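In what follows, a single structure is set out as structure tokens and then discussed.
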Amino acid sequence: MDEAVKLETTGSAWGGGASPFAVNWNKLMMWLFIVTDALLFVGFLASYGFARLASPSWPDRAHVFHLEFIAAMTFVLISSSATMATAVGAAQRGNRKTAVRFLLLTMLGGLAFLSMQVYEWTNLIRAGASLHANPWGVAQFGSYFFMITGFHGTHVFLGVLILLITAIRTMTGRSTAEGVELTGLYWHFVDLVWVFIFTLFYLF
Amino acid sequence: MTEMIHEKKLVNYKLYWLIWLVLLVLTVIMLFVGQGLFSRMAVVSLLLVAMCAKAGLIGGYFMHLRFEKLVLILIVALAIVLTALALFVLIAPDGARILRLSQ
């Protein structure tokens, strides 16, 4: 079959029978998934930008958020991204124990981030924030905040589950380095989205 | 098929932790910038630049996009960036216009 495929190619990357992207299909599909998921958040953030520009009284972030706490959340997620990258590197080097150790550290980072998010949400809800009202400004603030951070938090939660499954599979020898790499791509994407949410929602 | 997939480049662990340090420094700078020492335009510009720098570092080094073929980098980056620009450029002026009309 490979011989037949080789005979059909014209020698160029686009000649057929080979990936023009020089990656195998599962990594390519993961990248395409990441692009589509990123576009989801692009839509949310563009909509938030519109609502904010059109609003006469968008809440002052200094009155609503404890920026030191949010900075700590950012630190946790960035650190979990670094441990994930280390896990991928270890898996690629065939060092299974190190890969599992850093996958579990990444999971801990994800769980810590989720706990901090729950704490933040609890405080805001107790202060009167909801999907349709809040004590600081226009009503849309609450719905944008909970929807955007809620979608991101759901991605983090699912990422923690994926990390757990990948760690178990790596431990038992059923996952290849590629599996760890694909998990890593998803986790870094989750961190990437937070970079934009942190800047556009909490710092602007 | 296998020979068409380029060799994986093994990145040194130290580079990941150096990137981690740079990301932390950028985060601290971003927090500092918003403290009221600069004009609003300067704050927005600096935050946007820092945000894009962080995104580039995560995408390029943690996600290894820097080591992939250019066509894949362009597909990922252009799809997201162009869509974001198009959405914002088409929608944002209406938001500002609505605010002006309501005042």
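Figures for the structure shown
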read-out: Cα-based helix-to-principal-axis angle, A:96-126 vs chain A, degrees rounded to 10; value: 20 degrees
read-out: Chain B: GluC sites (Glu not before Pro) in DSSP coil with no more than 11 other Cβ atoms inside 10 Å; value: B:Glu7
read-out: Distance from the range A:48-85 to the range A:112-150 (C-alpha centre basis), Å; value: 12 Å
read-out: Where labels lie 7 Å past Cα in the beta-carbon direction, separation of A:His132 and B:Leu18 in nm; value: 5.5 nm
read-out: Per DSSP, loop trypsin sites (Lys or Arg not before Pro) in the range B:28-103 with at most 10 further Cβ within 10 Å; value: none
read-out: Likely footprinting exposure, B:Thr27, A:Thr154, fewest C-beta neighbours within 10 Å first; value: A:Thr154, B:Thr27
read-out: Two-decimal Rg to Rh for the range A:69-132 - Kirkwood Rh, Cα set; value: 1.21
read-out: Local electrostatic count, A:Arg52, Cβ distance below 15 Å [Lys/Arg +1, Asp/Glu -1]; value: +2
read-out: Intensity falloff of the range B:31-103 expressed as log10 I(q)/I(0), Debye formula with alpha-carbon point scatterers, at q = 0.11, 0.18, 0.22 Å⁻¹; value: -0.46, -0.92, -1.03
read-out: Average partner coverage of A:27-33, which counts Cβ from other chains inside 10 Å; value: 2
read-out: Per-residue mean of C-beta atoms belonging to partner chains within 10 Å, peptide A:144-153; value: 0
read-out: Chain A - convex hull of the alpha-carbon atoms, volume per residue in Å³; value: 139 Å³
read-out: Between 0 and 90°, nearest 10: helix A:177-197 axis offset from chain A longest Cα axis; value: 20 degrees
read-out: Chain A: relative contact order in percent, alpha carbon pairs under 8 Å with at least 6 residues between; value: 26 percent
read-out: Count of lysine pairs in the protein assembly as shown with Cα separation under 13 Å (8 or more residues apart, or interchain); value: 4
read-out: Nearest-ten-degree value, helix B:13-33 long axis tilted from longest Cα axis of chain B; value: 0 degrees
read-out: Computed helical MRE - 222 nm, the protein assembly as shown, DSSP H runs ≥ 4 contributing -39500 (n - 2.57), nearest 500; value: -25500 deg cm²/dmol
read-out: Ranked list, fewest to most other Cβ atoms within 10 Å of each Cβ, for B:Val49, B:Val11, A:Val195; value: B:Val49, B:Val11, A:Val195
read-out: Extended-chain gain in nm, criterion 0.36 nm per residue less alpha-carbon gap, A:Ser115 and A:Phe151; value: 11.4 nm
read-out: Per-residue mean of C-beta atoms belonging to partner chains within 10 Å, peptide A:80-91; value: 4
read-out: Spin-label model distance (nm) - A:Thr36 vs A:Leu158, 7 Å beyond Cα toward Cβ; value: 1.1 nm
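Just so you know, all these numbers are worked out from the coordinates, no wet-lab data involved. Values in this document were obtained by computation on a predicted structure and should not be read as measured data. So basically every Cβ, Gly included, is an ideal-geometry build from the backbone, and we count neighbours across all protein chains shown.
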